[in-house]
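Before any comments, here is the structure.
The values are calculated or read from the model by the stated rules, or taken from the named source; none is laboratory data. Computed from a predicted model, the values in this text were never measured in an experiment. Every residue, glycine among them, receives a Cβ derived from its backbone with ideal geometry; neighbour counts consider all protein chains shown. Remember, those area values only see protein heavy atoms, side chains included, never the ligands or the DNA or RNA. Shrake-Rupley method; radii C 1.70, N 1.55, O 1.52, S 1.80 Å.
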Amino acid sequence: MHSVGADRFRTILGHVPTGVVIVTGADEGGQPVGFTCGSFFSVSLDPPLVGFCVAKTSTSWPLMAGGARFCVNLLAEDQQDISSRFARKGGDKFGGLSWQYGPLSLPYLDRAVAWIWCETADVHEAGDHVIVVGAVSKMLLDPQSPMPLVFHRGGYSGVTEFAPARRSQAS
């Protein structure tokens, strides 16, 4: 088996576009905490489950009241600055932002494309990360939001809306 270096791994997988989300929660004292996450995915329709990966070195995830609950904020294409803010360690990430407490007493960011409130169903060790699986409690979509923010080839971009390809019909 060949060993793949971290730089090569990052370069190749950087060609896979990923949606950008902020995972938010509250610490034991009810104060908001959060971090940027580029590894968010659906897991199951029945029951509705989602997942994300977070580095074991994260300083925010351990603060989220033991990781029992979280909210996934799907960022809009004009929220690059928010993604960068939540990607940094430490500091007041919520200062000056428009946000509020919602379902499950969790903070969520205004103006996102969508919000998904979850209770943690499972956590799996995976190399230098953990995989968190959340049971979806509530979901909201802002029907007037812009397109979602995407990370691709080491930078941010929006998604260009397109018409689905037509399927040819067999005769």
Q.
Restricting to region 134-145, count the residues that are of a type outside the set (S, T, N, Q) and farther than 15 Å from Val21 by Cβ.
A. 3
Q: Please identify the pairs in which a residue from region 76-97 that is modelled with pLDDT of 95 or more has its Cβ atom under 8 Å from the Cβ atom of a residue that is surrounded by fewer than 19 Cβ atoms within 10 Å (Cβ to Cβ) and in a helix (DSSP H, G or I), counting only partners at least 6 apart or on another chain.
A: none
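How many residues does region 24-44 hold that are in contact with a Leu (Cβ under 9 Å, 6 or more places away or on another chain), in a strand (DSSP E or B) and without any contact (Cβ under 8 Å) to a residue 24 or more places away in the chain?
As a first pass, look at region 24-44 and keep what is in contact with a Leu (Cβ under 9 Å, 6 or more places away or on another chain): 24-28, 31-34, 36, 40, 42-43.
Keeping just the survivors that are in a strand (DSSP E or B) gives 24-26, 32-34, 36, 40, 42-43.
Imposing the further condition that a residue be without any contact (Cβ under 8 Å) to a residue 24 or more places away in the chain reduces the set to 42.
Summing the residues that are in contact with a Leu (Cβ under 9 Å, 6 or more places away or on another chain), in a strand (DSSP E or B) and without any contact (Cβ under 8 Å) to a residue 24 or more places away in the chain in region 24-44 gives 1.
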Q: Would you mention how many residues in region 86-100 are surrounded by 14 or more Cβ atoms within 10 Å (Cβ to Cβ) and more than 14 Å from the chain's Cα centre (by Cα)?
A: 4
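Yes or no, residue by residue, for (1) closer than 18 Å to Val20 by Cβ; (2) open to solvent by less than 70 Å² (accessible area, probe 1.4 Å); (3) touching a helix residue (DSSP H, G or I) at 6+ places or on another chain (Cβ under 9 Å); (4) assigned to a strand (DSSP E or B):
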{"position": "Asp46", "(1), (2), (3), (4)": "no, no, no, no"}
{"position": "Val54", "(1), (2), (3), (4)": "yes, yes, yes, yes"}
{"position": "Thr57", "(1), (2), (3), (4)": "no, no, no, no"}
{"position": "Ser83", "(1), (2), (3), (4)": "yes, yes, no, no"}
{"position": "Tyr108", "(1), (2), (3), (4)": "yes, yes, no, yes"}
{"position": "Cys118", "(1), (2), (3), (4)": "yes, yes, yes, yes"}
{"position": "Val132", "(1), (2), (3), (4)": "yes, yes, yes, yes"}
**Q.** Number of the condition not met by Gln144 [criteria: (1) in a strand (DSSP E or B); (2) open to solvent by 40 Å² or more (accessible area, probe 1.4 Å); (3) not acidic (Asp, Glu)]
**A.** (1)
Q) Can you tell me which residue in region 59-78 is most open to solvent (accessible area, probe 1.4 Å), limited to those that are assigned to a loop (DSSP other than H, G, I, E, B) and touching a Leu at 6+ places or on another chain (Cβ under 6 Å)? A) Glu77
Q: Can you tell me which residue within region 45-68, out of those that are touching a residue at least 24 places away in the same chain (Cβ under 8 Å) and polar (S, T, N, Q), is nearest to Ile116 (Cα to Cα)?
A: Ser60
